[in-house]
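Q: Would you mind keeping the following structure in view while I ask a few things?
Every number here is computed from the coordinates shown, using simple stated rules; none is lab data. In this text, all values refer to a predicted model and were calculated from it rather than measured experimentally. Counting neighbours? That spans all protein chains shown, and the Cβs are built from the backbone with ideal geometry, glycine included.
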């Protein structure tokens, strides 16, 4: 069982639930480690903090709020099954509720062969998954049928805690020489990446356009990361710790494209393949 | 009157900013509008030499900014075109002699006096460039079909895009174009350059020895007939004024009348 779950639903906001933790100390640890590494995905959304059945005093409630504030979370509402905890937060002038403010979705997780890291949390007996890639996982929704649920990416640490990964970053512009975009998750550029520009991501890089600059995917050592582009003519591509460079022959013509291609690591080396639809 | 302030810039040095400034200035003025040329390359003053006005410079841009003279006193009238004036740079100072705020004020004042204010920017992306673009409404980016020049032009366009509140339009002039080299795949073509930069093309100027001659003489080539580079600059001026002029066909060698006559009698001779 995982200690923290993050569920985001349009219009209802984001629920950050530490109800899986048995003590306050544990809850605080998970809260701070998770939120600090998560790129503030909740920004602009209503945030609801789930405390579960942990009993918390007024002073401790203030401590929780201070910690949340420290990482940029300002919970609008606190959900707890414990009466004393609710009172404690009320004392700190935060709205409280005893019913789960958003219907937790029932999710059937069907992990593809690639093994996408995911987290599970047990809230009110329901199995909840926080998964990485919405499109690759089938879901059954409790309330609304066939409505895909935007779920914040997360992965499980070795100790069982989950770390929320930031979402995909979309950049809708052409990156010109001297411009740099780096992102902790996956990166999608809608536009060209010109020679002299650099893009970096911990996850995959997708360029809907021409990639002619330098791209580095899988920063931090993710060898599964891929770089794909509609027109792959980079000066250099790097995936995790591997580097591939363009051929030494000088490039003069740019007008003819290569067609969509994917770069990935095969047997420790970067290989480029034509994109095929399976 | 409120004119248009157009900065002419490139990032890389030596691609022909100053030559383009002089020629576009002369070509624009020849169409009848009033034009002020502003040399922002403080410390490396060149525009006055190209215009052949070096010996007439009394005051300069820094003198105006530091209020040692009136703006009108510093403006040097062209020898041939009375509606063309040059505001020379200071040669004994450097780029830090003016700031962006002062440039804005200066451009606004010039805008009220002239239809077009062409600002010749220095190479680089530092203070000199920042000053040059400070008061501009539009930009002309000059590049040559070389990788390094295109790379720098791309950088400059990126910087111009970041100022899109002030700079409403930026267009490209591809300078020193050599169609024969392009035909042999030894030089980037217009399409290759545009593929990378994805900007509006204002004009293509062919490489021309006459440019060097005219530069040394101090008579911008766009004032001379029958030279392809001069025609290219006149076309650019017409496009700036909003006319729809097709890009000259540089691939054919026979577009000037003398070549046409020569090739009529002897099709193998190429002039």
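Q: Enter the Cα centre distance for the pair region B:1-49 and region B:120-150, rounded to the nearest angstrom.
A: Taking the Cα centre of region B:120-150 as reference, the centre of region B:1-49 is 12 Å away.
Q: Can you compute the equivalent ellipsoid semi-axes for region B:1-131, i.e. the square root of 5 times each eigenvalue of the Cα gyration tensor, sorted largest first and rounded to whole Å?
A: Each semi-axis is √(5λ); the values are 19, 17, 15 Å.
Q: Which Rg and Dmax, in Å, describe the Cα atoms of chain B?
A: For chain B, the Cα-based Rg and Dmax read 18.3, 63 Å.
Q: Using a 10 Å cut-off around each Cβ, can you sort B:208, B:249 from fewest to most neighbouring Cβ atoms?
A: Lowest count first: B:249, B:208.
Q: Please compute, for peptide B:39-49, the average count of beta-carbon atoms on other protein chains lying within 10 Å of each residue's beta-carbon.
A: Partner-chain Cβ atoms within 10 Å, mean over residues of B:39-49: 0.
Q: Within region A:172-190, whose backbone N sits under 15 Å from a point 7 Å along Cα→Cβ of residue B:164?
A: Residues A:172-176, A:190 qualify, since their backbone N sits under 15 Å from the label point.
Q: Using a 10 Å cut-off around each Cβ, can you sort B:210, B:225 from fewest to most neighbouring Cβ atoms?
A: Ascending number of Cβ neighbours within 10 Å: B:225, B:210.
Q: Oh, and also: Modelling each spin label as a point 7 Å along the Cα-to-Cβ direction, I'd like the residue B:1/residue A:82 distance in nm, to one decimal.
A: A separation of 8.0 nm, rounded to one decimal place.
Q: Here's another thing I want to ask about it. Which log10 I(q)/I(0) values, to two decimals, does region B:99-235 give at q = 0.11, 0.12, 0.18, 0.22 Å⁻¹ under the Debye formula with one point per Cα?
A: -0.47, -0.56, -1.15, -1.36
Q: By average Cβ neighbour count within 10 Å, what is the ranking of B:65-78, B:36-49 from highest down?
A: Per-residue mean Cβ counts within 10 Å order the peptides as B:36-49, B:65-78.
Q: Report the semi-axes of the equivalent ellipsoid for region A:197-278 in whole Å, largest first, where each axis is √(5λ) for an eigenvalue λ of the Cα gyration tensor.
A: 19, 14, 12
Q: Still on this structure, please answer the following. What does the average come to when, for each residue of peptide B:185-194, you count the partner chain Cβ atoms lying within 10 Å of its Cβ?
A: Mean partner shielding for this stretch: 3.
Q: Can you give me the angle between helix B:147-161 and the longest principal axis of chain B, using Cα atoms only, in degrees from 0 to 90, rounded to the nearest 10?
A: Long axis of B:147-161 versus the principal axis of chain B: about 40 degrees.
Q: Based solely on its DSSP helices, what 222 nm [θ] is calculated for chain B when runs of n ≥ 4 H residues each add -39,500 (n - 2.57) and the sum is averaged over all residues, nearest 500 deg cm²/dmol?
A: -11000 deg cm²/dmol
Q: Using 0.36 nm times the number of residues separating residue A:57 and residue A:253, minus their current alpha carbon distance, what extension gain do you get?
A: Length gained, residue A:57 through residue A:253: 63.6 nm.
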